[in-house]
Amino acid sequence: VQLQASGGGLVQAGGSLRLSCAASGRTFSRNGMGWFRRAPGKEREFVAAIRWSGSTSSYADSVKGRFTISRDNAKNTVSLQMDSLKPEDTAVYYCAASRRYSDAEVSPSRYDYWGQGTLVTVSS
C-alpha cells in the first residue's frame, strides 16, 4: 500500500494551494482518511480528516474556515484545499489512511498508512 502526496510548494501569505494524495495497493472507500503536518521544530499535528462517505469532516481550530478536505472514492484520493494561507501553515504535510476506522479520526494512532509528505512553505 502506498500513499503519494503532491501539490506542495512555495506560496505567499494569503495565497492558496491544493494538496492531493493518491492511494494505491488497496481501496480506502470504506475508511477514514486525513491530513497531518509537522512544522519545523514542532510535533506532528492533526489538520483535517474525512469520513469514508465524505459526509463528515473534522478540522483543527487553526485551519477551520480556511482549509477544506475532500475525497474521491472512485479515484481513491483525498485532497486538501488550503486558502488564506499563513506563514504558520509552513510545514511538511502528510496524508494518512486508516485500515480499521471509517470515521473522520483526529488521532494519528487511528491511521495505519502514511504518505511521504509534501512541503508547504508560506512566505510573509
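Give the residue, chosen from ARG18, ARG37, that is touching a strand residue (DSSP E or B) at 6+ places or on another chain (Cβ under 6 Å), among the basic types (Lys, Arg), modelled with pLDDT of 95 or more and over 22 Å from SER109 (Cα atoms). Walk me through it before giving the result.
Numbers: ARG37 fails: over 22 Å from SER109 (Cα atoms).
Going through ARG18, ARG37 in turn, just one is touching a strand residue (DSSP E or B) at 6+ places or on another chain (Cβ under 6 Å), among the basic types (Lys, Arg), modelled with pLDDT of 95 or more and over 22 Å from SER109 (Cα atoms): ARG18.
In this structure, is GLY14 on the phi > 0 side of the Ramachandran plot and more than 11 Å from the chain's Cα centre (by Cα)? Considered against the rule, which asks whether it is on the phi > 0 side of the Ramachandran plot and more than 11 Å from the chain's Cα centre (by Cα), GLY14 comes out as yes. Taken over the stretch 18-29, the criterion of being open to solvent by 70 Å² or more (accessible area, probe 1.4 Å) and over 15 Å from ARG66 (Cβ atoms) is satisfied by GLY25, ARG26, THR27. Residue count for the stretch 43-71, restricted to those that are basic (Lys, Arg), closer than 21 Å to VAL92 by Cβ and in contact (Cβ under 8 Å) with a residue 40 or more places away in the chain: 1.
Checking ILE50 against (1) open to solvent by 20 Å² or more (accessible area, probe 1.4 Å); (2) over 23 Å from THR121 (Cβ atoms); (3) among the hydrophobic types (A, V, I, L, M, F, W, C), only one condition comes out false. Which one? Of everything listed in (1) open to solvent by 20 Å² or more (accessible area, probe 1.4 Å); (2) over 23 Å from THR121 (Cβ atoms); (3) among the hydrophobic types (A, V, I, L, M, F, W, C), ILE50 misses just condition (1). For the stretch 83-94, check the following and say yes or no: at least one residue is of a type in the set (A, V, I, L, M, F, W, C), at pLDDT 95 or above and farther than 16 Å from LEU3 by Cα. Scanning the stretch 83-94 turns up at least one residue that is of a type in the set (A, V, I, L, M, F, W, C), at pLDDT 95 or above and farther than 16 Å from LEU3 by Cα. Being open to solvent by less than 50 Å² (accessible area, probe 1.4 Å), in contact with a Phe, Trp or Tyr (Cβ under 7 Å, 6 or more places away or on another chain), under 15 Å from THR121 (Cα atoms) and touching a residue at least 40 places away in the same chain (Cβ under 8 Å) holds for only one residue in GLY8, GLY32, GLY15, and it is GLY8.
In the set GLU105, GLU88, which member is part of a helix (DSSP H, G or I), closer than 17 Å to PHE46 by Cβ and not hydroxyl-bearing (Ser, Thr, Tyr)?
Within the list GLU105, GLU88, the selection yields GLU88.
Among the residues of the stretch 72-91, those that are without any contact (Cβ under 8 Å) to a residue 60 or more places away in the chain and touching a strand residue (DSSP E or B) at 6+ places or on another chain (Cβ under 7 Å) comprise ASN76, THR77, VAL78, ASP89, THR90, ALA91.
Quick check on my filter: what residues within the stretch 59-76 are open to solvent by 30 Å² or more (accessible area, probe 1.4 Å) and within 21 Å of LEU3 (Cα to Cα)? Once the filter is applied, which keeps residues that are open to solvent by 30 Å² or more (accessible area, probe 1.4 Å) and within 21 Å of LEU3 (Cα to Cα), the stretch 59-76 yields TYR59, THR68, SER70, ARG71, ASP72, ASN73, ALA74, LYS75.
The values are calculated or read from the model by the stated rules, or taken from the named source; none is laboratory data. As the structure is a computational prediction, the values presented were derived from the model and not from experiment. Every residue, glycine as well, gets a Cβ built from its backbone with ideal geometry; the counts of neighbours run over all protein chains shown. Surface areas here come from the heavy atoms of the whole protein model, side chains and all, with no ligands, DNA or RNA. Shrake-Rupley method; radii C 1.70, N 1.55, O 1.52, S 1.80 Å.
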